[in-house]
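Below: the structure, in structure tokens.
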Amino acid sequence: MNAVPRWSLSEAEAATMSIDLHREVGSPVGVPAVILDVDPADDAARWQAVATQLRSLPVVAVAVHGDAADAVHPDVAELRAAVEARPHAATVAALLLRHLPDEPHAAFHLESAAYATLQAGPEHRAWLEQRGRRVRNDTDPRVRLDGGDPVTITLTRPRLHNLLDHRGRDELSDAFRTVALGDPDIGVRWRADGPSFCAGGDPAEFGTVADPVAAHLIRAAASPAPALAAIRHRVEVHVHGACVGAGIELAAQAERVVAHPETRFRLPELTMGLVPGVGGTWSIGRRIGRQRLLAWLLLDLDVDAPTALDWGLIDAISA
């Protein structure tokens with residue numbers, strides 16, 4: 001890994017004018033990050049011109065503040081270290097967030113393709129090797145759908161904190177699709193049994209599909225994200241306990257997210273050598289912005305309910 005450059009505005013302008021910039025910065029040449037030393041007195045338009053020059057490059061721009069960076073956080077050294085620890089996942093995440101379309105279905109497919117790319121990479125393989133194998137034997141239903149107004153969808157795998165496996169994914173997608181076929185004027189309440197709303201994807205199933213292309217096509221056919229998108233305008237989701245990975249990725253699509261005061265939110269995907277894979281780059285990004293989302297991913301922050309409310313990740317904290 002080569003030294004990460006730290007650029008003032010004039011240094012950034014000079015660097016980005018070089019025709020050899022792609023040979024000087026970027027993950028392929030061992031410089032996965034650049035630090036933008038933004039001064040509040042700087043001309044914002046000049047920094048945006050720098051950002052435009054960096055836009056197509058596989059490099060993560062970090063800064064304490066400013067609109068030109070991919071990720072913003074008070075501790076840029078911590079951001080840089082996170083990028084250097086997993087340069088492939090960090091760079092793919094930054095590129096994905098820069099170019100993510102506004103239309104949700106297009107965004108879901110692009111995110112899934114990026115996820116599949118990383119599934120085949122060395123960072124995710126290293127994570128699979130160190131975490132060990134896990135086997136699940138539970139056969140209980142994962143989702144319950146109750147009629148009424150509102151219709152209630154409940155996650156029902158409480159012993160395992162509603163970890164989302166392929167069966168849970170399919171049952172949740174079916175529940176969303178069933179609601180979509182019903183009365184469009186009836187609201188939807190989504191909740192969960194047990195101590196947590198959803199602790200993310202089930203680790204026992206990571207690595208079970210060896211072919212990343214096949215995994216991408218499975219997600220295209222079976223992901224709950226598109227089914228939820230069809231009804232999200234009438235969904236209110238109530239989260240509590242651990243709301244991790246797929247849990248908050250999906251919940252963030254809802255029109256209204258209400259959290260228990262002690263809810264904790266995490267996005268650990270980059271620590272696994274991956275990016276969010278259930279629509280989170282779109283659903284969370286539209287709520288909190290791409291810079292904050294990338295910083296959250298890079299640093300694997302444990303976010304409490306008041307912080308989530310301040311960010312706009314949730315809409316209310318329950319009494």
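The values are calculated or read from the model by the stated rules, or taken from the named source; none is laboratory data. If you're wondering where the values come from, they're calculated on a predicted model, not measured in any experiment. Using ideal geometry, Cβ is built from the backbone for each residue, glycine included, and neighbour counts are taken over all protein chains shown. Surface areas here come from the heavy atoms of the whole protein model, side chains and all, with no ligands, DNA or RNA. Shrake-Rupley method; radii C 1.70, N 1.55, O 1.52, S 1.80 Å.
Compute the Kirkwood hydrodynamic radius of region 269-315, taking the inverse of the mean of 1/r over all pairs of distinct Cα atoms, and give it in Å to one decimal.
By the Kirkwood definition, the hydrodynamic radius is 11.0 Å.
Please list, ordered by chain and number, the residues whose modelled amide H lies under 5 Å from the amide H of A33; skip anything fewer than 5 residues away on the same chain.
Amide H neighbours of A33, under 5 Å, 5+ apart: G26, V60.
Please state the relative contact order of the chain as a whole percent: Cα pairs under 8 Å, 6+ residues apart?
17
Kindly provide the helix-only [θ] at 222 nm of the chain, computed as the sum of -39,500 (n - 2.57) over DSSP H runs of four or more divided by all residues, to the nearest 500 deg cm²/dmol?
-12000 deg cm²/dmol
Over the chain, give the accessible area per residue in Å² for a 1.4 Å probe, as an integer.
44
Considering the chain as a Gaussian network with a 10 Å cut-off on Cα pairs, which listed residue, V38, V179, V209, attains the greatest mean-square fluctuation?
Maximum fluctuation in the GNM of the chain, among the listed residues, is at V209.
Which three numbers, in whole Å and largest first, are the semi-axes of the equivalent ellipsoid of region 30-127 derived from its Cα gyration tensor as √(5λ)?
Over the Cα atoms of region 30-127, the semi-axes work out to 25, 18, 10 Å.
When the accessible area of the chain is computed with all protein chains present and a 1.4 Å probe, what percentage of it is carbon and sulfur?
Its accessible area is 53 percent carbon and sulfur atoms.
So, how do all the Cα-to-Cα distances of region 145-279 break down into 10 Å bins, in percent, from 0 on up?
Binned Cα distances yield the sequence 12, 46, 33, 8, 0.
When the dipole is taken about the Cα centre of the chain, and only Lys, Arg (+1) and Asp, Glu (-1) are charged at their Cβ, what size is it in debye, to the nearest 20?
740
Select from the chain the helices, each a whole stretch of DSSP H, whose alpha-carbon atoms run 20 Å or more along the helix axis and whose Kyte-Doolittle mean is at least 0.0; answer none if there are none.
104-119
Can you give the direction-averaged projected area of the convex hull of the alpha-carbon atoms in the chain, in nm²?
Taking the Cα atoms of the chain, their convex hull projects to 16.9 nm² on average.
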